[in-house]
Amino acid sequence: MKGIILNMQSKSPIISSNPPPPGDIKDKVSYLLSQMNLEEKIGQMVQADLTWKQDIPQLLREGRVGALLTVHDPAVINRLQHIAVEESRLGIPLLVGNDIIHGYRTIFPIPLALAGSWDMDLIERVAAASIAEAVSAGTNWNYAPMVDISRDPRWGRVAESAGEDPLLSSQVARAWVRGYQNYRDADGRRAAACVKHFAAYGAAEAGKDYNTVDMSERRLREEYLPPYRAAIQAGVESVMTSFNDFNGQPATANTFLLQQILRKEWGFEGLIVSDFDSVGELVLHGFARDHKEAALRSMLAGIDMDMMSNAYHFYLTDLVREGKVPLELIDASVRRILTLKFNLGLFEHPYVDEKACQQAMFLPAALQLAEKAAEESMVLLKNESGLLPLAAGGTRYALIGPLANERTSLMGCWSFDGRPEEVETLKEALQKQLPAGSRLTYAQGCSLNGETLALESALAAAEQADVILLALGEEHTLSGEAHSRAHLGLPGRQMELFNALQNTGKPVITLLFCGRPLAIPELVEKSASLLLAWHGGTCTARALCNLLTGQSVPSGRLPVSFPRSVGQIPLYYAHKRTGRPADTSGTLQFNSAHRSIYLDENNAPLFPFGFGLSYSQVEYSDLQLNPLNITAEGQ
Ligand code: BGC
């Protein structure tokens, strides 16, 4: 019996033999659930990508996979949706999940950079523009925003976060969710957002990805939970668990996090998905003997969908039959999944227009937004020389550095659908945008990974110049998932290049590209001016030139502290006082006995949270506090 046949002419599915009762989504879900056998129910709880060593089309026909992961080609997505909708017994469309973290084809600045714009409207528009491209190509579920508080820049995923502050991160979380979930295409297609990684993933010990997290409940609640909660209050439709263990229990099987906090205290009714294989990884955590026990523990803790581990696929049916997993739990999970599918309108619009989707990509409006976003994200960190903005004309510039003629790295860590050939390099942009009468020479000076120096040509270029523009920093592969660093200086021999050029006596304007805060006191000290460009996406170079030439004014402010040295980490502004606070935030070494300081390092960060200069001088004066006493509820 075929339960549902999609009438391709009509906008709604037709149930051939047992039509669902007319009514709301709840009724439709109940009806559909009543038609499903156990295998089909569990099938909805399984997410697979195309690397699975199983016959995916056949599993779709049998209703044994409910969601796809990282399938990007709209033709492939359509083909698989057709199988699920037209060749399976119940014709349930697929969730198609992808990571649209800072853009799809048009790439926007990394989230950390965007948070530094402090512009929630901008972030919301970036989210909408990113998801518009992705939805047109078949994505209906987005694994963003990531809102893990990150106070350790060794952790590569700080790039994906909004930085160190619970309040800013919460505002940003809301903006991402609004932007992603409010978007509709002309036919009403849209995508659900998925806030991640629940919980406290950003507190990985020693900044090493996937590492243990152990913290007090008070710290968790006050500092780490607010952004996830903000996303939920903004209506996010799904939550992804994290890879880390939390106080001894992996987050993916953590009943305190998932049941007590998420479901009970916050009343979250949406879908909870594991992270990639994090159900299976319970075995490696030492929390489950094998995949079967991993499935059992995750299920009992509240994971509705198993991303990629196979554990639900192979073992959940047996666990139900053995009476270890109550059927009501399965039904509740399947209800959530089907509710999301109905809410997304997938039954009405399971397919996308493969050809037309190309016309939705890389549109002028998206590019304009990408340029504005990059501009607003960049932070002027030093300009004592007053060399910025650049002189009106007549200056000879030497553009040097591994990132000066680079495309791919400018896009940042999550830019798999971005196309390097569509990214302008800084050299190309400067050639167009430098004031008339300026001269530009170029030398790479150093390989992208910093290992090979080419000093001779760099010095020769500098020789012919009045001012050196030096593009240094990290390539995009140094940040993001599984890309933690123990050293936070410039990679490789870049500092040697810097010193050689600075020794020429010519002023050096440093343009810094990176996916995290770097510990670079010497670079800051010796640079005449320093502009932080982050990894700004497709339009990084043009935006940077707008700021360099003064066509726009730098307005970004750091969403995260920059340490002076790795030994200061974790370093963040909202630290507790201690019983022996340092005399000043910038206490110098050796001057303050028995205080909370280092003997061999300043207490202050290199740049504090919120720091950022502009081209104008701002003076605050006659500040008054009114009222003088503020209660906890006061303003
Ligand atoms: C990451 C998630 C991501 C998932 C799916 C995992 O490795 O931790 O952030 O959403 O893969 O691509």
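Of note:
- Segment 536-556: number of residues that are part of a loop (DSSP other than H, G, I, E, B) and either hydrophobic (A, V, I, L, M, F, W, C) or buried (at least 22 other Cβ atoms within 10 Å of the Cβ) (or both): 7
- Residues of segment 255-297 that are within 16 Å of the ligand (Cβ to nearest atom) and in contact with a helix residue (DSSP H, G or I) (Cβ under 6 Å, 6 or more places away or on another chain): L271, S274, S278, V279, G280, L282.
The rows are residues; the columns are (1) closer than 26 Å to L114 by Cα; (2) surrounded by 18 or more Cβ atoms within 10 Å (Cβ to Cβ).
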| position | (1), (2) |
| --- | --- |
| R321 | no, no |
| E328 | no, no |
| T339 | no, yes |
| D353 | no, no |
| A360 | yes, yes |
| L363 | yes, no |
| A370 | yes, yes |
| K382 | yes, yes |
| R396 | no, no |
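- Cβ pairs under 8 Å, 6+ apart, first in segment 456-469 and hydroxyl-bearing (S, T, Y), second outside any loop (DSSP other than H, G, I, E, B): S457/A443
- Hits in segment 465-482 (condition: in a loop (DSSP other than H, G, I, E, B) and closer than 20 Å to A533 by Cα): E474, E475, S479, G480
- Output for segment 202-250, where each listed residue is free of Cβ contacts under 8 Å to residues at least 24 places away in the same chain and within 16 Å of the ligand (Cβ to nearest atom): none
- Residue within segment 141-150 that is farther than 21 Å from Q81 by Cα, more than 13 Å from the ligand (Cβ to nearest atom) and touching a residue at least 12 places away in the same chain (Cβ under 8 Å) present: yes
- I272 falls short of the stated requirement of being under 17 Å from M215 (Cα atoms) and either at pLDDT 95 or above or over 22 Å from the mean Cα position of the chain (by Cα) (or both).
- Checking segment 165-175 against the condition returns no match, with no residue being part of a loop (DSSP other than H, G, I, E, B) and among the aliphatic types (A, V, I, L, M).
- Selection status of L548, over 28 Å from V172 (Cβ atoms) and over 25 Å from the mean Cα position of the chain (by Cα): no
- Within segment 159-185, residues that are under 20 Å from D99 (Cβ atoms) and among the hydroxyl-bearing types (S, T, Y) have Cβ atoms under 7 Å from residues that are away from the ligand (no atom under 16 Å from the Cβ) and not in a helix (DSSP H, G or I) in these pairs: S169/G163; Y183/R190, counting only partners at least 6 apart in sequence or on another chain.
- Scanning segment 285-324 for residues that are more than 12 Å from V46 (Cβ to Cβ), assigned to a loop (DSSP other than H, G, I, E, B) and not acidic (D, E) returns G286, F287, A288, R289, G302, G323, K324.
- Search result, residues across segment 459-479 that are of a type in the set (A, V, I, L, M), more than 30 Å from A159 (Cα to Cα) and in contact with a strand residue (DSSP E or B) (Cβ under 6 Å, 6 or more places away or on another chain): A461, A462, A465, V467
The values are calculated or read from the model by the stated rules, or taken from the named source; none is laboratory data. Just so it is clear, the structure is predicted and the values come from calculations on it, not from any experiment. In this analysis, Cβ positions are derived from the backbone assuming ideal geometry, glycine residues included, and neighbour counts consider all displayed protein chains.
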